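Below is one structure, written out as C-alpha cells; the observations come after it.
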2 protein chains.
Amino acid sequence: MRPSLSLLLATGLLLAAAPGQAQVRKKAKTKASTAAPAAAPQAAAAPVSDSVALRKIFDEALLRGESYDNLRYLTGNIGARLSGSPQAQMAVEWGKATMEKAKFDRVYLQEVMVPHWVRGSKERGEIVGNKDKGIKVPVCALGGSVGTGGKLKAGVVEVHSFDELKNLPDAAVKGKFVFFNRPFNDALIEPGAAYGGAVEQRALGAAEAAKRGAVAALVRSMTSARDDNPHTGTMRPATIPGAALSTNAADQLSQLLKANPDLQFELELECVTLPDEKSYNVVGEIRGSKYPNEIITVGGHLDSWDLAQGAHDDGTGCVQSMEALRLLRATGFRPERTLRAVLFMNEENGARGGTEYARLAAENKETHVAAIESDGGGFTPRGFTLEADAATLAKVAKWAPLFRPYHADEITAGHGGTDIGPLKEAVHPKALIGYKCDSQRYFDIHHTAADTFDKVNRRELELGGASMAALIYLLSKYGL
Amino acid sequence: MRPSLSLLLATGLLLAAAPGQAQVRKKAKTKASTAAPAAAPQAAAAPVSDSVALRKIFDEALLRGESYDNLRYLTGNIGARLSGSPQAQMAVEWGKATMEKAKFDRVYLQEVMVPHWVRGSKERGEIVGNKDKGIKVPVCALGGSVGTGGKLKAGVVEVHSFDELKNLPDAAVKGKFVFFNRPFNDALIEPGAAYGGAVEQRALGAAEAAKRGAVAALVRSMTSARDDNPHTGTMRPATIPGAALSTNAADQLSQLLKANPDLQFELELECVTLPDEKSYNVVGEIRGSKYPNEIITVGGHLDSWDLAQGAHDDGTGCVQSMEALRLLRATGFRPERTLRAVLFMNEENGARGGTEYARLAAENKETHVAAIESDGGGFTPRGFTLEADAATLAKVAKWAPLFRPYHADEITAGHGGTDIGPLKEAVHPKALIGYKCDSQRYFDIHHTAADTFDKVNRRELELGGASMAALIYLLSKYGL
C-alpha cells in the first residue's frame, strides 16, 4: 500500500490532519478528534450529546489509554495465575493497588475459597509403535486431572463422539486410552460456536471414558489451528487422567492408528489437586450520584491457566473493566448509578468468584441493573451479546447507531458470561451482557503457552475498553 | 474462558455438532455447514438462492481454502519481491503457474517496464551529541531515495508540517537534516485515515526539504506503534536522501534535540536507482457464459517492499484474488460475466502495472463492469468501499444482508485501490471497489521487517477471499 493522492483525498485528511496533530502533541486534557461525527464546539453549559460523550471516551482511550500498560505489567511481572497459586495472590494485590491508584470511591476484596490444582513438573506423551523408538508428542494435563502415578502405557481407541464411545464393546475400551478426536467445525463463522461444539470432549471425556474402564482420556486440542501447542482447560473431576494433544499430534496419532491399531501410548502426568486456598474477588466502585443503590457491574477474570501469561484470557478483560471506569471518570462523567469493576477469581476451574459475588449481592439485597463481562479476548470490538428479555434487548439495540463509528454496533441476543451468570438467579438483573470482539484468532492461543502479551494489539485492546465504557455510560444515564 | 453449560446451550450446538463434524471428516465435496442460515435441502433442479450460494463459497473457503498455503509458499520460498528484483520475476512465474494449476480458462502476462531501486547493503543512522559516543538508531532508506555518498553528518531541525518548514528562516534549514516528526493521529478510528494524515511527510518530505537546501530528510515511521521497526515506503524523487526513523528513535531524537538543539545526526545509505527492468502483470481469466465481453477484475499487487516477506502487503491480496475465482469454480458457479484475477506489478513504487492494465483495457476497447482490489491486509473482513455513483452504491449496498452472517456487510463510499484506479479514466467501470478488513494491526507491520507470514491468520485470510468471491458472484449474476 502506498500513499496515492486519491487515498489522501478520499480520507479528506490531507489538510485536516495538522490541527488534530497539534492537539495530540499538546496533550490537551480532553479533546475531540478531528473525526468526531458530532464534535462541533458546544456552549459551555449545554449538556453534551451522547455521541459527543462517546467520542470523548474513545479519544481518552486511544490517546491516553492505560489498559495496555496495565496488561504489560500483569502479564510480564506476574504472569500465569491459576487459582490458589502465589501468582494469583499477587494478581489480587496488583488489582487492588491499581484500582486504588485510579481513585475509585471504594476498593475492596471479597473472600472466596478456590480450588488449588497444580500441574507438576513432568508432562510427557509418547506414541509407541512396534518399532523400538517412540514418537514424543506435545501433551498437557487438563485442569483438574489426576496424575498418572508414574508411566501409564496402554493401547488407544479413537472416537469422535460420546455416542461412538457408547456403541463400542467393552473389550475395545477397557484398559485403553480413549482418544477423543472430533475437530472444530471450521465452517462455522464464529469460532466460539465451533468451540461449543467440540468442548464436551475436554469437559466430560475423562469422566465418560472412566465409566467404560479406560485408563485415561486423550483429547484433541480445542482449536482450528494445526500446530504443536496443546490446549489445557478444565475437565469434570474423574478417576482417570485427562490430557490434551496438540492438533498436529492428534492428526499424527490418528494416522498412525489407522496403520497400526495396536500401537500404544505412554503418558506421564504429575498433576495433583491440593486443598482449597483462600482467595479474593477484587472490586472497585464509583458511587452513583442519583440512584446509588442501582448497580452496574463490569468485569473480567483475574485467574488464568498456568501455561502462559493469561493475556487474552483474561488479562485483557481485567484491564478493560478497570479502564472502563477510569475512562468515564477521566472524561468528566458523573454516573447516575453505581458502577463496579470486578476482577473475578477462579473463572477457569470453578467459577467460585462469580458465584460468591452473586451470593453476596443476594445477601445484601442489592439491585443490579446490568452486568457486562469481557472474556473473549482483547481483539477489535464488534458489539455486545445480551441475555435479556425482548424489550430490554430492543432498548439496548436502539443505541447501536452510537456505536457504529467504532464498529461496535452488533447488539444481539447471546451469551453474557460465566462470572456474571450466577447474578441471574441471585438478583435478576435486567441484562447480562457479553462484550463481543473479533474472535477469529482467539482459539489459536486460548489456554496455551502462546497466550502472551505480544499477541495483544494496543489499539484493539483500548477500543474494547472504550466500547464497554460507552455502554456503561448509556446504562448509567438511562437505566434499563 | 471455560465451557459453561449456558455457552453450550446458547450456541445451540451441543447436540447439533456431531452431524456437521461427520461431514467435515468425510470431506464431502460440497457441503453446507450446520450454521447456514438458509441451507435447507433444495430440490436438485431448483436454482439455489443467493444466500445458499454464498454459504457454499464460505464453506469451501473455510474447509478447503488454498489461500493460506499459497501465501506460505509465496512468502516463504520467494519472500521480498520489490519491482525489478529477481524475486519479483520468481513471483510472476509462481503466480502464472498457480493460476494454470487452478485451470482458469486463460492465463497470460502483460509486459510492463518497472523501476528498479536497490537498497544496498549499508544503512546506518546515529545521533551524535556533544559526548564522544553516538547513539545508533534504527533507520531505513525510503524507496526511491538517492544514497548519501558516504557518511552524511549535519545538524537536525525538527518540524511537524510543511507550513512549519516554510516558516523557518533559511539559516535554520540549510545544510541540515529536516526531521519530519508528526505522529499518527491516534484518535482516528481508521488507521488508514491516520496514515493518510501523516504520509505526506514520507512522500514529499525530501522534495520539500531539498527546496530549502537541507542535506536530507528524516521521517518518523508511519505507524501508531512505538517500536524499533523503521517503515519504508515510496517517496517522490528528490535530489537529497530520505530515510525513516523507527518511532522509538524519532521520540528519542526529538527528546535529545530539546536538551541539545546543536546535536548532529550521521546517516549512511547506499541505495541506488538502476535502469528500468522488464516485468509483468499476471492475469487469469474465467470466461463469462452469457456476457463474455463484460469484465469483472479482482486483484492485489505482486510486488512488495524489500524488508520482509510482503505477507499482508500484499501477498494476501494476491492469494485472495486467485482464490476468489477458484472458490467460484469449486462451488459449481458458472459466471455470466468474464472474471479476471490480476496480480499487479509495481504498486509500491510506481503503479506501472495498474497503469498498463488500464491502458490495454482502453486499447482493446474492453467493457469493465467493476474492479475489486484487496490491498489493506488479510485481516477479518468488514465489507467493501466503493468509488461509484449513488445509484450503483445503493444497488451494491442492498446486498449487505447477504454478507451479514459473515460480518462483511459494511458497504460504503470510499477508496477503490491504487492498481484499479487507472481503470476509471480508461474504461469507466461502474464501480471501483476496495475490499475492507479490520485494519487496527496493519500499520504495526506495514512496510517493515515484521510483515511476515506468521502475522497472517488462516481463517481471517480465507474469510476475506470468500467475501470477495461472494461479491464477484453477485456482480457477475446481476451486473451493475
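The values are calculated or read from the model by the stated rules, or taken from the named source; none is laboratory data. This structure is a prediction, so every number in the text was calculated from the model and none was measured. We place every Cβ from the backbone using ideal geometry, glycine too, and count neighbours over all the protein chains shown. Accessible surface is based on the protein model in full, side chains and every heavy atom, while ligands, DNA and RNA are left aside. Shrake-Rupley method; radii C 1.70, N 1.55, O 1.52, S 1.80 Å.
Data table
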item: Net +/- balance of residues flanking residue A:72 in space, Cβ distance below 14 Å, scoring K and R +1, D and E -1; result: -3
item: Accessible area (Å², per residue) of the protein assembly as shown, counting only protein heavy atoms and a probe of 1.4 Å; result: 36
item: Residue of chain B nearest the B-to-A rotation axis [by Cβ], rounded angstrom distance; result: B:438, 3
item: Net charge of neighbours whose Cβ lies under 11 Å from the Cβ of residue A:107, counting Lys and Arg as +1 and Asp and Glu as -1; result: +2
item: Whole-Hz couplings from phi, Karplus 6.51/-1.76/1.60, listed for segment A:339-345; x for Gly and Pro; result: 10, 10, 8, 10, 9, 7, 9
item: Share antiparallel - DSSP beta bridges, the protein assembly as shown, percent rounded to 5; result: 55
item: Residues with amide H under 5 Å from that of residue B:105, placed H, sequence gap 5 or more; result: B:285, B:286, B:287
item: Over segment A:335-463, volume per residue of the alpha carbon convex hull, in Å³; result: 124
item: Check: segment A:158-213 dipole with +1 on Lys, Arg Cβ and -1 on Asp, Glu Cβ, in debye; result: 320
item: Ellipticity estimate at 222 nm from DSSP helix runs (n ≥ 4, -39,500 (n - 2.57)) divided over chain B, nearest 500; result: -10000 deg cm²/dmol
item: Farthest toward positive dipole pole in segment A:120-270 [+1 Lys/Arg, -1 Asp/Glu at C-beta], among A:247, A:140, A:128; result: A:128
item: For residue A:223, distant residues with modelled amide H under 5 Å away; result: A:184
item: Against the rule of thumb 2.2 N^0.38 Å, how large the Cα Rg of segment A:120-270 comes out; result: 0.95
item: 12 Å beta-carbon shell around residue B:423, net charge (K/R +1, D/E -1); result: -2
item: Proximal aspartates and glutamates relative to residue B:103, as straight alpha-carbon distance under 13 Å, when same-chain residues fewer than 8 apart are discounted; result: B:285, B:323
item: The protein assembly as shown - charge dipole about Cα centre, Lys and Arg +1 at Cβ, Asp and Glu -1, debye rounded to 20; result: 660
item: Percent of beta bridges antiparallel (DSSP, chain B, rounded to nearest 5); result: 55
item: Most positive-pole-ward Cα, B:88, B:467, B:316, against dipole of the protein assembly as shown from beta carbon charges; result: B:467
item: Alpha-carbon centroid distance for the pair segment B:321-390 / segment A:200-224, whole angstrom; result: 48
item: Cα centroid of segment B:97-124 to Cα centroid of segment A:60-97, whole Å; result: 47
item: Lys pairs under 15 Å by Cα in segment B:122-272, provided they are eight or more residues apart or on distinct chains; result: 13
item: Charged-residue dipole, Cβ positions (Lys, Arg, Asp, Glu), segment A:120-270 about Cα centre, Debye nearest 20; result: 360
item: Teacher prompt: residue A:118 distances to equivalent labels in other copies, 7 Å Cα→Cβ, nm; result: 6.2
item: Förster radius 45 Å - calculated FRET efficiency between residue B:397 and residue B:228, Cβ distance, rounded to 0.05; result: 0.60
item: All-pairs Cα distance distribution in the protein assembly as shown, expressed in whole percent, bin size 10 Å; result: 2, 11, 19, 22, 21, 15, 7, 1, 0, 0
item: With all protein chains modelled, accessible area of residue B:184 [1.4 Å, Å²]; result: 10
item: Placed amide H near residue A:112: partners under 5 Å, 5+ positions off or other chain; result: A:279, A:280, A:281
item: Karplus-derived 3J(HN,Hα), 6.51/-1.76/1.60, for each residue of segment B:427-441, Hz, glycine and proline x; result: 9, 6, x, 5, 8, 9, 10, x, 6, 10, 10, 5, 10, 4, 8
item: Heavy atoms of residue A:67 accessible to a 1.4 Å probe, total area in Å² rounded to 10; result: 0
item: Under the Karplus curve 6.51 cos²θ - 1.76 cosθ + 1.60, θ = phi - 60°, whole-Hz ³J(HN,Hα) for segment A:87-99, x wherever Gly or Pro sits; result: 5, 5, 5, 4, 5, 4, 5, 5, x, 5, 5, 5, 6
item: Segment B:302-436, relative contact order in percent, only Cα pairs under 8 angstrom and at least six apart counted; result: 30
item: Reachable lysines from residue B:278, criterion Cα separation under 23 angstrom, eight or more residues apart if same chain; result: B:96
item: Surface accessible to a 1.4 Å probe, residue B:239 within the full protein complex, Å²; result: 120
item: Cross-link reach list, lysines versus residue A:56, counting only Cα pairs under 19 Å and skipping chain neighbours closer than eight places; result: A:26, A:27, A:29, A:31, A:477
item: Solvent exposure ordering (accessible area, 1.4 Å, most first) of A:453, A:379; result: A:453, A:379
item: Largest-first principal axis extents, alpha carbons of chain A, Å; result: 82, 61, 43
